[in-house]
Structure formats: C-alpha cells, structure tokens
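The structure appears below as structure tokens.
No value in this document is a laboratory result; all are computed from the given coordinates. Here the structure is a predicted model, which is why all the values come from computation and not from measurement.
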Amino acid sequence: MSKDSSISYNLGILKPNQEIEFCIYIKISQGAEIKTIETKIEEIRHIDYKKELDKTKKYWEKYVKEHDTIKLVNSDTSYMKKIEKIYKRTILLYPLLTNYLTGGISAAVEIDENRTKCGRYSYCWPRDRNIYNKRIRHT
C-alpha cells in the first residue's frame with residue numbers, strides 16, 4: 001500500500017501475445033553487510049526455482065489431503081466446485097496464520113505497512129503455549 005517505492009525492469013519490446021518469464025530474487029536482511037548479502041543472492045540464483053515450486057505445491061497438496069476431514073464428493077456442478085475451493089482455501093488459511101512457536105493466531109492479516117488505511121487492527125489471538133507445543137510434539 002506504500003506509494004513511495006517502485007521497481008522497473010527493461011524487458012525489451014514484447015510483441016502481441018508474446019510471453020516472457022524472468023525470476024526476481026529478493027533478499028530481506030536487517031543489518032547485514034553488503035558482501036554477505038551479495039554472497040547470499042548468488043547462492044539463491046543457483047536454486048532451481050521450478051523444483052522448489054514443485055516441492056512447495058506437493059507439500060501443500062499433501063497438507064490439504066491430510067486435513068480434508070469432510071471428503072466432499074466431487075461434482076461437476078459449478079456450485080459444488082466453488083464449495084470445494086472455499087473448503088480447501090480454509091484448510092490452508094489456518095497454518096498460514098498460526099505461529100507454531102507461540103500458538104498465536106493472527107486475528108487479521110495486515111497489508112498496510114504504515115497502518116494508515118487498515119483501521120490499525122493488528123491483533124493476535126493468544127493460545128496456551130504449553131498445550132499447543134504438546135500437540136506439536138505428538139504429531
């Protein structure tokens with residue numbers, strides 16, 4: 001939501017219906033020396049991103065399958081496909097909003113860096129850490 005930043009890339013001239021694919025490597029670090037950052041970026045450039053993307057997709061597909069307790073019957077109706085999509089997105093929602101170290105669950109996702117347009121609602125629902133950690137150890 002910040003208007004004070006931008007990135008520009010010279011991709012040359014794209015013809016109608018032409019597609020181009022390129023990777024953007026982002027390294028976020030606080031207080032690191034530039035040499036350390038350059039070394040890390042060079043390491044990242046050698047990662048096979050397609051392989052990593054495939055591993056990530058497989059991980060989350062497996063996660064959804066393991067947590068799908070309703071087992072919705074596949075249907076060709078658009079209504080049931082929408083229901084199934086919502087259900088699967090809900091399964092994905094909670095692990096992405098949960099801090100596994102503390103058990104806290106984000107009450108709202110903030111996308112407003114300066115908290116000027118969001119109503120400043122940046123709360124977390126705390127959970128009993130001891131109980132939560134016991135569950136993690138047994139899984």
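Per-residue Karplus couplings for segment 58-70, computed as 6.51 cos²θ - 1.76 cosθ + 1.60 with θ equal to phi - 60°, are listed in order as 5, 4, 6, 5, 5, 4, 4, 4, 5, 9, 7, 8, 7 Hz, Gly and Pro entered as x.
The stretch between Cys23 and Ser106, if pulled fully straight at 0.36 nm per residue, gains 26.8 nm over its current Cα-Cα span.
So which of Lys58/Lys85; Lys51/Lys82; Lys58/Lys88 end up more than 20 Å apart by C-alpha? Checking Cα-Cα distances, Lys51/Lys82 exceed 20 Å.
Overall dimensions of segment 47-106, expressed as equivalent-ellipsoid semi-axes from the Cα gyration tensor (√(5λ), whole Å, largest first), are 24, 19, 10.
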